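Structure first, then comments.
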Amino acid sequence: MLAPNQPLTESEVAAIKRDFPILQQEVNGQPLAYLDSGATAERPRQVLDAERRFLEHDNAAVHRGAHTLAALSTDAYEDARATVAGFVGASSPSEVVWTANATDALNLVAYGIANASRGRGGAAAERFRIGPGDEVLVTEAEHHANLVPWQELAALTGATLRWVPVADDGTWTAEDAVSRITEHTRIVAFAHVSNVTGMVAPVAAVVAAARAHGALVVLDACQSAPHRPLDVQELGVDFAAFSGHKMLGPNGIGVLWGRGELLDALPPFRTGGSMITTVTMESSEYMPAPERFEAGTQPVSQAVALAEAVRYLQAIGMERVRAHEEHLARRMLDGLAAVPGIRVVGPPAGVPRSGLVSFDVDGVHAHDVSQYLDAQGIAVRSGHHCAQPLHRRLGLVATSRASTYVYTTEQDVDRFLTAVGEVRGYFGAAS
């Protein structure tokens, strides 16, 4: 038996890949090499079947009926919550809030704090109040989903938004962040793993500095939850957000994890049915977490499917998922280093990084790179990856990004490297 931190074997990856119907096809006459999992992951048959099975047999409104299907649906919905809670190391399923996606989850926190700062939520919410003189700290490398909500919070409350600058390779260090956390810092928000550079953030050092100054820590876990073990208690953060579609699950569902005492005190910003205990014509009283944040009809079948995706990943083992992707990233980086005119952004060789690699081809636009690879059945991302400030700092309009997952093979990576090696010659950019 292989150790739990060993990369997947060739036969194991082949077996996994057979679980994904979409990966069995050809694109432009070539076998599909899907290297865009950082944008959205494909779904295994087990996840597709779980959602279909629920819709065919158990579907009903949750927490709203006394009939059999309502009970079955509610049980499946809450069982899914418990599964996800266990996956991230939550102390209770009530710390898991269903959202539409990670962007929605991050907005939930930002606008909840904005409501608290306007006096909503009573005495319990005073711990979230911020205003002029207070600071929110992010990094220059953030996805827009973990930047724009904090810009809005600063604009609504009069707080000041500050950021940790990045180096020429797009990375930042613990010292870069810690030196900017002061007695004025109320919130520190950053990505666990960068969606552009693949950098793994120094969470422990940042959390320790934030704790010393009484600041909340909000973690964007979109690129970590699908790809490596995630234990929110061990990390010590206050909130963490991620999306289902990036981790073999369906679109339309995300997760906000928060410490129970914080969720119960945070005012909701989306209101309506299902999240209240009492409503009069004058006012309403809200349920405790997580229901206080789940207004309206919820993505029930999506929650069921996400739980199945979690079980699929757990069966592989998250340490092995990480080891597999890091192995492929090293293979990719070594290959790109041998191609003239390639600039890779992100941590230098030997520094831990995720299984995604962003790069620039000298003289060729990222969209042209993507289209050339697509003609050979290879799917990669091109653009600014919802990180315009980072690309501006790097002096680039766009980059190409290849991202791996559990179904990515060494052959996929080798085909990618061969095609990238041909790009400059094809477009007449080779010296």
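Could you quote the convex hull projected area for the chain, Cα atoms only and averaged over all directions, in nm²?
Over every viewing direction, the Cα hull of the chain projects on average to 22.0 nm².
Helix 318-337 against the longest principal axis of the chain: what's the angle in degrees, Cα atoms only, rounded to the nearest 10?
40
For the range 340-431, what is Rg from Cα atoms divided by 2.2 N^0.38 Å, rounded to two decimals?
1.06
Identify, among 376, 187, 278, the residue whose Cα sits farthest towards the positive end of the charge dipole of the chain, taking +1 on the Cβ of Lys and Arg and -1 on the Cβ of Asp and Glu, with the dipole about the Cα centre.
187
What's the ranking of 262-270, 221-229, 388-396 by average number of surrounding C-beta atoms within 10 Å, highest first?
Order by mean packing, descending: 221-229, 262-270, 388-396.
Calculated FRET efficiency, residue 155 and residue 82, Cβ-Cβ r, R0 45 Å, to nearest 0.05?
Here the calculated transfer efficiency is 0.75.
Show me, for the range 225-232, the HN-Hα J-couplings you get by feeding each phi into the Karplus relation (A = 6.51, B = -1.76, C = 1.60, θ = phi - 60°), rounded to Hz, glycine and proline as x.
3, x, 10, 7, x, 10, 10, 5
Per residue of the range 361-376, what does 6.51 cos²θ - 1.76 cosθ + 1.60 with θ = phi - 60° give for ³J(HN,Hα)? Whole Hz please, x for Gly and Pro, Karplus curve as stated.
Each residue's phi maps through the Karplus curve to give 9, 4, x, 10, 5, 4, 5, 5, 4, 4, 5, 5, 5, 4, 4, 10 Hz.
How do 157-166, 349-358 rank on mean C-beta neighbours within 10 Å, highest first?
349-358, 157-166
What do you get for the angle between helix 148-157 and the principal long axis of the chain? Use alpha-carbon atoms, 0 to 90 degrees, nearest ten.
Tilt relative to the chain: about 30 degrees.
Can you tally the net charge around residue 228? Count Lys and Arg as +1, Asp and Glu as -1, for every other residue whose Cβ sits under 15 Å from the Cβ of residue 228.
-2
With charges only on Cβ, +1 for K and R and -1 for D and E, what is the dipole size of the chain about its Cα centre, in debye, rounded to 20?
Numbers: 34 positive and 49 negative charges, 67 e Å.
Rounded to the nearest 20 debye, it is 320 debye.
With charges set only on the Cβ (+1 for Lys and Arg, -1 for Asp and Glu), what does the dipole of the range 100-143 come to about its Cα centre, in debye to the nearest 20?
Dipole size: approximately 320 debye.
Percent relative contact order of the chain, based on C-alpha pairs within less than 8 angstrom and at least six residues apart?
So the answer I get is 24 percent.
Quick query: amide H of residue 164 versus all other amide H atoms, modeled in the peptide plane; which residues come in under 5 Å with a sequence gap of 5 or more or a different chain?
Distant-sequence amide H within range of residue 164: 138, 139, 140.
If all Cα-Cα distances of the range 220-371 are sorted into 10 Å bins from 0 onward, what percent lands in each bin, rounded to whole numbers?
Here the calculated profile for the range 220-371 is 9, 26, 28, 20, 11, 5, 1.
Once you've got the GNM for the chain with C-alpha springs shorter than 10 Å, pick whichever of 187, 16, 130 has the biggest mean-square fluctuation.
Comparing 187, 16, 130 in the GNM, the peak value goes to 16.
Using only DSSP helix segments of four residues or longer, with each worth -39500 (n - 2.57), what per-residue ellipticity at 222 nm results for the chain after dividing by its residue count and rounding to 500?
Roughly -11500 deg cm²/dmol at 222 nm, from the helical runs in the chain.
How far is helix 203-212 tilted, in degrees, relative to the longest principal axis of the Cα atoms in the chain, given as a value from 0 to 90 rounded to the nearest 10?
30
Hey, if you put +1 on the Cβ of every Lys and Arg and -1 on every Asp and Glu Cβ in the range 49-314, which of 230, 83, 132 ends up farthest toward the positive end of that dipole?
With unit charges placed on the Cβ atoms, the residue in question is 132.
Which whole-number percentage describes the relative contact order of the range 208-277, with Cα contacts under 8 Å and a sequence gap of 6 or more?
24
Gaussian network model of the chain, Cα springs within a sub-10 Å range: biggest mean-square fluctuation belongs to which of 11, 73, 91?
Of 11, 73, 91, the Gaussian network model singles out 11 as fluctuating most.
No lab work stands behind these numbers, since they all come straight from the coordinates. All of these numbers come straight from a predicted model, not from anything done at the bench. A quick note on method: Cβ atoms are made from the backbone with ideal geometry, for glycine too, and the neighbour counts reach across all protein chains shown.
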